[in-house]
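What follows draws every value from the coordinates through simple rules; no lab data is involved. Since this is a predicted model, take the numbers as computed values, not measurements. Cβ atoms come from the backbone with ideal geometry, glycine included; neighbour counts cover every protein chain shown.
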Amino acid sequence: MSLTENILLVVLVVVVAGAGAWTAAEAVRPGKGHHRDPYEDVFDRQEADRVEALPGQPSEVGFQQFAGYVTANESHGRALFYWFFEATHDVEHKPLVLWLNGGPGCSSVGYGALEELGPFLVQKGKPEISLNPNSWNKDANLLFVESPAGVGFSYTNTTKDLSQFGDELTATDAHAFLLNWFKRFPQFKGHDFYLAGESYAGHYIPQLGVKILEGNKKAHRKDRINLKGIMIGNAAMDASSDDRGLADYAWDHAVISDEVYGAIKRECKFPDDGNESDKCQEAWNHFFSVMRDIDLYSLYTPACTDAMANASRSHTNSSSSSSSRRRPWKLADTPLAKVHRGMPYNTYDPCVDYDVLDYLNRGDVQKALHANVTGMIPYRWEPCSDALSDWTDSPASTLPAIKQLVDAKLRVWVLSGDTDDRVPVTSTRYALRKLGLATVKEWREWFTTDQVGGYTLVYDGLTLVTVRGAGHMVPMITPVQASQVFAHFLAGNEMPDKAVV
């Protein structure tokens with residue numbers, strides 16, 4: 001059933017707690033001169049956000065899509081841009097999943113939706129998008145949000161906001177966005193709701209999950225969000241564990257010397273608060289400098305070199321001005337408690353970001369998506385935003401928030417591609433040990449067909465799943481295995497322990 005066909009379910013969802021329920025006949029849009037009812041407002045808001053078709057899109061896609069802006073803070077004029085895809089089938093019964101990329105400052109629309117798990121993939125050297133055979137909207141209704149304001153098409157009318165964002169304000173705005181999005185799409189209010197994301201979303205997702213739990217305690221029953229669980233991939237969760245694992249993994253995988261590794265181990269203490277000495281910072285700077293020619297996010301796949309990038313650009317009709325080029329490989333201000341914003345690797349095209357950047361900066365694409373509708377955003381769309389001039393708060397650990405979600409009996413899965421050296425599986429294992437959860441099922445392999453897809457460890461209230469051969473962005477590098485993990489996560493089923501030929 002499509003969203004349009006399904007929209008009569010608003011009758012059951014929106015006004016159950018109201019003065020009286022609508023009948024099906026009353027839910028039909030009234031003609032001119034009739035009294036305007038709330039259903040008509042909902043219908044009109046949704047229709048205004050409907051994406052009829054995107055430039056270069058296949059003619060038949062089998063699902064509906066919507067995009068636009070939802071207010072997160074009215075007084076400051078902060079609005080977050082979203083792109084929503086219905087499930088390919090059984091829309092009214094499929095769960096709703098919000099996906100967030102990290103950074104902080106990177107776009108869930110550019111990465112998650114168009115390079116990883118969304119239903120469309122931008123084509124190399126062509127002004128087209130194709131269907132993603134491993135899209136996660138086969139199993140769920142997918143909602144991508146560019147968060148916080150200043151990322152991608154999301155904006156604020158209060159310029160000083162851009163220097164004041166941090167974890168707390170981002171979570172507050174994301175929660176406000178969700179409450180307002182559900183007002184626009186109330187037929188999804190009762191659906192099972194999950195949060196998912198990767199990288200710095202190891203901060204975003206647990207913190208938003210806690211906001212939702214706290215908000216639900218204060219809200220009227222009809223306004224509660226039906227949160228069921230979270231899944232975070234290669235997630236920055238604990239600065240001490242992240243940094244210790246980053247160094248250990250790089251040395252174990254023979255990409256740094258004994259001397260570089262020794263300097264880090266000698267100068268850095270890996271304290272829980274993440275604060276280190278200047279000498280430790282110098283050791284980390286040396287570490288990143290010697291890693292500059294390989295892809296830290298996917299150790300065993302080609303990096304996007306200048307030659308590859310230039311070849312990629314030569315196949316497009318877009319401008320070669322500096323504003324449209326891939327930004328240089330740039331380290332974060334410090335490796336401690338932050339995730340580097342560099343550009344990740346795509347299995348088939350390590351320079352895919354160029355194509356996404358070109359596509360989303362096209363005027364006809366922005367018009368179709370109802371993005372930058374006034375044309376007043378003073379910068380181009382970028383995969384990772386430089387508009388955010390500072391990041392004011394970033395707790396050294398989100399393990400306390402994750403523990404709150406575990407204690408609330410939510411489904412909590414942690415995913416880890418095992419060829420990532422930015423937030424490697426070593427870091428993830430160190431961090432999860434700090435939770436002190438009892439082991440329910442010991443470490444074992446799981447299968448994709450007759451091949452080992454990875455390994456899994458089940459704790460009391462949390463499941464760890466690794467994916468063999470996947471880098472930092474698991475759905476991009478190993479899309480088949482990623483979609484398999486996602487389906488098992490939603491179903492609450494353990495990964496298969498036997499080969500299937």
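For K498, go through the lysines and keep the ones whose alpha-carbon is under 22 Å away, minus same-chain ones fewer than eight residues off.
Result set, ordered by chain and number: K441.
Counting only helical runs of four or more DSSP H residues, what would the 222 nm mean residue ellipticity of the chain come to if each run contributes -39,500 (n - 2.57) and the total is spread over all its residues? Working shown, then result.
Numbers: 15 runs with 153 residues, N = 501.
That comes out to -9000 deg cm²/dmol.
Grab the stretch 202-318 and count how many Lys pairs have their alpha-carbon atoms under 16 Å apart, sequence gap of 8 or more, or different chains. Provide the component values of the computation, followed by the final result.
On the way: K211/K228; K217/K228; K265/K279; K269/K279.
Lysine pairs, 8 or more places apart or on different chains, close enough: 4.
Let me know the shape class of the stretch 183-318, please: from the alpha-carbon gyration tensor, a ≥ b ≥ c as square roots of the eigenvalues, rounded when a/c is under 1.5, otherwise prolate if a/b is greater than b/c, or oblate.
oblate
Enumerate the amide H contacts of F120 below 5 Å, restricted to partners 5 or more residues apart or on another chain; note that Pro and chain-start residues carry no placed amide H.
Residues meeting the amide H criterion: N132.
Ranked highest first by the average count of other Cβ atoms within 10 Å around their residues, in what order do 230-236, 56-62 fall? Please report the intermediate quantities before stating the final value.
Values: 230-236: 28.4, 56-62: 12.6.
The densest-packed peptide leads the list: 230-236, 56-62.
Evaluated at 20 °C with a viscosity of 1.002 mPa s, what Stokes-Einstein diffusion coefficient in µm²/s does the stretch 224-270 have when Rh comes from the Kirkwood expression over alpha-carbon pairs?
Estimated diffusion coefficient is 167 µm²/s.
Less than 12 Å apart at the alpha-carbon level, and either on another chain or at least 8 residues along: which aspartates and glutamates does that give for K160?
D390
Please find the FRET efficiency linking R380 to A499, where r is the Cβ-Cβ separation and R0 is fixed at 56 Å, and quote it to the nearest 0.05.
Working: r = 48 Å, r/R0 = 0.85.
The formula returns an efficiency of 0.70 here.
Applying a 10 Å radius around every beta-carbon, put 74-81, 274-281, 203-210 in order of their mean neighbour count, most first. Could you put the intermediate results ahead of the total?
Values: 74-81: 18.5, 274-281: 15.1, 203-210: 27.0.
The peptides rank, most packed first, as 203-210, 74-81, 274-281.
Tally Lys/Arg at +1 and Asp/Glu at -1 over every other residue whose Cβ is under 11 Å from the Cβ of T71; what's the total? Provide the component values of the computation, followed by the final result.
Details: positive: R78, K183, R184; negative: E74, D173.
Spelling it out: positives minus negatives among the neighbours equals +1.
Take the Cα radius of gyration of the stretch 242-291 and divide it by 2.2 N^0.38 Å, with N its residue count; two decimals is plenty.
It is 1.03.
Taking the alpha-carbon distance from K124 and a cut-off under 26 Å, which lysines remain once sequence neighbours fewer than 8 residues away in the same chain are dropped?
K138, K330, K367
Quick one: which of 301-308, 149-156 comes out on top by average Cβ neighbours within 10 Å, and what's the full order, highest first?
Numbers: 301-308: 14.6, 149-156: 26.4.
Highest mean packing first, the order is 149-156, 301-308.
For the chain, calculate the relative contact order in percent as a whole number, restricting contacts to Cα pairs under 8 Å that are 6 or more residues apart.
On the way: 1012 pairs, mean separation 88.3, N = 501.
Over the chain, the number comes to 18 percent.
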